[in-house]
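S.K.: Before I ask anything, let me first share the structure, which is written out below as structure tokens.
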Amino acid sequence: MDSLEINKYKYVKNMLSNDMVEYLSSYSVKKALKKENLYDEQVGPLSTSFHSSESEVYHHLLHYLLPIMEKQTNLKLKPIYCFNRIYLPGSDLKRHMDRGACEISASISLAHSYKNEEYKWPLYMGENSVFIKKGDGVIYKGCEIEHWRPTFHQPEGSWHHQLFVHYVNLNGPNAKIEEEKVLDLRPRVNIYE
Ligand SMILES: [Fe+2]
């Protein structure tokens, strides 16, 4: 049986190439500097996020990753949404499980800039800490396993960029959930002021 079935998550190497990671992170950091990011209700004002419904680039990425997601999960999947988050020092992610729209998800590490270059920041899946290298990802059953991150303990000026893609099983109970394409109008926040 696959580790996704047994453990509710699995580590997958090279989901995105280094070039793709650099392209996406430079794009998102530029968006953040132009104050085009959104308030992030899950981790509060210390971080910032950008939803696929407001970005053709990330909307396409959700579909671009579909073949690797289907191969790794052995499931037929429907893309629902994608977002990316730039974590800033002091932010964390509370222990939680996801809504049905996140039935099959992946958390993929993009670029980061840590003032302390030795620093490593874990994502917890259940009781297990996972360190996701740049371009690698963790595919997980977001509705079945609790996940969280401890506080991002780095000096001012550090950041960590993470990508999240969410799908449902086309042969499962969430198959009727529609892909999210509507413009998100949450208030914007400037993380650099
Ligand atoms: Fe989650």
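Where a number appears in this text, it was derived from the coordinates with a stated rule and is not lab data. Computed from a prediction, not measured in an experiment: that's the story for all the values here. Using ideal geometry, Cβ is built from the backbone for each residue, glycine included, and neighbour counts are taken over all protein chains shown.
S.K.: Can you run phi through the Karplus equation (6.51, -1.76, 1.60; θ = phi - 60°) for the range 142-147 and list ³J(HN,Hα) in whole Hz, with x for Gly and Pro?
M.R.: Result, ordered by residue: x, 8, 10, 9, 6, 9 Hz.
S.K.: Hey, another quick one. Give a quick list of trypsin sites (Lys or Arg not before Pro) in the range 130-183 that DSSP marks as loop, anything other than H, G, I, E or B, with at most 13 other Cβ atoms within 10 Å.
M.R.: LYS133, LYS176, LYS181
S.K.: For SER91, what residues show an amide H to amide H distance below 5 Å, using hydrogens built from the backbone and excluding near sequence neighbours?
M.R.: Amide H neighbours of SER91: PHE152.
S.K.: Using the Karplus curve 6.51 cos²θ - 1.76 cosθ + 1.60 with θ = phi - 60°, work out ³J(HN,Hα) for each residue of the range 18-25 in order, rounded to whole Hz, and write x for Gly and Pro.
M.R.: Karplus values, whole Hz, x for Gly and Pro: 4, 4, 5, 4, 5, 4, 5, 5.
S.K.: With a cut-off of at most 12 other beta carbons within 10 Å, and DSSP calling the residue loop, which GluC sites (Glu not before Pro) in the range 78-126 qualify? Please list them.
M.R.: Answer by residue number: GLU117, GLU118.
S.K.: Also, quick follow-up: Return the sequence-ordered ³J(HN,Hα) values of the range 131-140 in whole Hz as given by the Karplus equation 6.51 cos²θ - 1.76 cosθ + 1.60 applied to θ = phi - 60°, using x for Gly and Pro.
M.R.: Along the range 131-140, the couplings run 10, 9, 6, 3, x, 8, x, 10, 8, 8 Hz.
S.K.: Taking the simple approach of a point 7 Å from Cα along Cα-to-Cβ for both GLU178 and GLU117, what is their distance in nm?
M.R.: 5.0
S.K.: If you don't mind, another one. Using 0.36 nm times the number of residues separating THR151 and HIS60, minus their current alpha carbon distance, what extension gain do you get?
M.R.: 29.7 nm
S.K.: Express in nm, to one decimal, how much length is gained between LEU33 and HIS96 on full extension, taking 0.36 nm for each residue of separation and deducting their alpha carbon distance.
M.R.: Length gained, LEU33 through HIS96: 19.7 nm.
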